[in-house]
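Since every read-out is calculated from the coordinates, none of them should be taken as a lab result. Keep in mind that what you see is a predicted model, and the values were worked out from it rather than measured. Using ideal geometry, Cβ is built from the backbone for each residue, glycine included, and neighbour counts are taken over all protein chains shown.
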Amino acid sequence: MRLLVIKSIIAAVLLANVAQARADSVIVIAIRYLQAEGTSHAHIYLYREDGRFLRQLTNDNSGQDVDPIFTPDGGSIVFTREMPDNSVEFWSVEPLSTALKKLNTAPAWYIATKSSPYFTNRHGEKSTEQSPAASATPGSEAPTYKTPDGSIELVLRTVPQDEEDRYDGPGHGKHYLVRHLKAGIETEMAQLPGFYGLYGLLHESHDKDRHFLFEDALRVAFFDLHLNSTDGDTVFAFDINGSRLVRLSRNWAAPVPLPGEPAFLTLTENRYVVIPGTTKTANCSYLEHWNAKIRKVRYARAKSAAICYGASTYRPARTPAVITIRKNAN
């Protein structure tokens, strides 16, 4: 009897947490936790926006559960189950229910839903072409970018005589300038805390002229940098409020805006992560949430080797209400 009461209390607390999350923002993620032996499988997990784990929604090992997406009203989640024979199934599940429903076909809205806008430099091969938004600073050819409020201008100035400025790699961008237009003060990026190197200023995937993310207290821009052939590229956030640079991942990270919120998500790559219980490593990916102070929450088990196979967040009081990251978003 006592055990039954305890289970009832735990269930009630869980339902209360999920209900509270639904009142705010809730995130569903397809995560494949890599294991020491056997075949690992991607399942669907539910989190609160603040990072609190709520529940696992699927546990079937017949295939890989990927690309979960909330319905426009947030009442249910549709996802794809990829089978070993390359066939696919479509399923739905409600955040508050354990019952899954197999669908005859995928809903039209699910097929039509694409990844939400994100910041990138990737359009096929990496391009060093100057953005149409960049203009020439008088007396130089350095591209400049002005913040939406007109308070700051970034000048991507390079010095040909500086060996590091000739290549996309660590040390590049030390001569980039931050100009505070009202105060008439300018600072080289190399003087900012967190400087390691900067190359291209990222732009939004749906709008090549958008280079800054301004949402309430959040004021950032994103730069890429090539590391080496082993580690690939990485991404830095220029925190305009704090006049500092924050590396978002030891490898690549694709920032995803959350319109109306002073925050953003990243689909983050980590290469050569050790699989627990082995000496083997794997290239992993995680979904992370960053607030206005550029502090992160990771939606995954601590110290796990995992791969994110798509995610969706439902925000009942925001527009758009659903933010989507498809499995092959970047």
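Side notes on the structure shown:
- Those trypsin sites (Lys or Arg not before Pro) in region 226-282 that DSSP places in a loop and that have at most 13 other beta carbons within 10 Å: Lys280
- Sorted by Cβ neighbour density within 10 Å, fewest at the top, the residues Thr158, Thr319, Thr98: Thr319, Thr98, Thr158
- 222 nm mean residue ellipticity, helices alone, for the chain (DSSP H n ≥ 4; -39,500 (n - 2.57); rounded to 500): -2500 deg cm²/dmol
- Rounded to whole Hz, the Karplus (6.51, -1.76, 1.60) HN-Hα couplings of region 52-60, x for glycine and proline: 6, 6, 9, 5, 8, 9, 9, 8, 7
- For the chain: relative contact order, % (alpha-carbon pairs under 8 angstrom, 6 or more apart): 18
- Neighbour count of at most 16 Cβ within 10 Å plus DSSP loop: longest GluC sites (Glu not before Pro)-free window in the chain: 142-330
- Which listed pairs, of Lys208/Lys293; Lys114/Lys296; Lys114/Lys174; Lys208/Lys280, have C-alpha distances above 31 Å, in listed order: Lys114/Lys174; Lys208/Lys280
- Diffusion coefficient of the chain by Stokes-Einstein, Kirkwood radius over Cα pairs, 37 °C, 0.692 mPa s: 153 µm²/s.
- Proximity of backbone amide H atoms, modeled 1.01 Å from N, is registered between His203 and Thr120 at under 5 Å, excluding neighbours fewer than 5 places apart on the same chain.
- Loop-located trypsin sites (Lys or Arg not before Pro) in region 300-330, at most 12 other Cβ atoms within 10 Å (DSSP): Lys303
- Near Thr58, the amide H atoms lying under 5 Å from its own belong to Ile44; only residues 5 or more places off or on other chains count, and H is placed 1.01 Å from N.
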